[in-house]
Amino acid sequence: MEISNRDFVGNNQDLVGANFLYSQDFSKESTLNMSLDRLNATILATDEGINRELIKATRDTHYKLHAHSTGISSFKYRQMGADGTILNAGDERFVGNFDIAKDIRMKSRFDKYEKDDEWLPCCFGGYLTMPTYYQKGSKGLGGGVKGIFDCTCWKGPGECAISQVQY
């Protein structure tokens, strides 16, 4: 006597859902394309447990819906960021006799890596390639760091041979 239909798709933490309840007259056509290209996961843990995790999934979710209903319908979607924040979300409800068309496409792209400053930049490119704020001491290194980090006597990769350190 009454038709109910429920769709739910998830791609990592992204989701799309469509619910149709108590319809006397119902028709639906939907398509779904999902892909997961790459997953970068960083986990900081100790013996006591996981302290922090960061998951960056490069993914696509494409959901199309064309429906006719005479009952109650709800439509939800959510796109999540790498840090667990909601980037985009929607929650809609329809009651009565209606036709609906939805086309939702959610993409998340993340670089394969993020280049950070090396801990001892002089060992990887020399004092002159260090950011100016390191050279001037604005990162808590104090002034006059050239005497510590100037590796002019550099011998090779990973060998920061500082022969004259001034304190």
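The values are calculated or read from the model by the stated rules, or taken from the named source; none is laboratory data. Since we're looking at a predicted model, the values are computed, not measured. Glycine also receives a Cβ, built like all others from the backbone with ideal geometry; neighbour counts cover every protein chain displayed.
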What is the one condition in (1) surrounded by 11 or more Cβ atoms within 10 Å (Cβ to Cβ); (2) assigned to a strand (DSSP E or B) that PHE110 does not satisfy? (2)
Among (1) of a type outside the set (Phe, Trp, Tyr); (2) buried (at least 17 other Cβ atoms within 10 Å of the Cβ); (3) modelled with pLDDT of 95 or more, there is one condition LYS56 misses while meeting the rest; what is its number? (3)
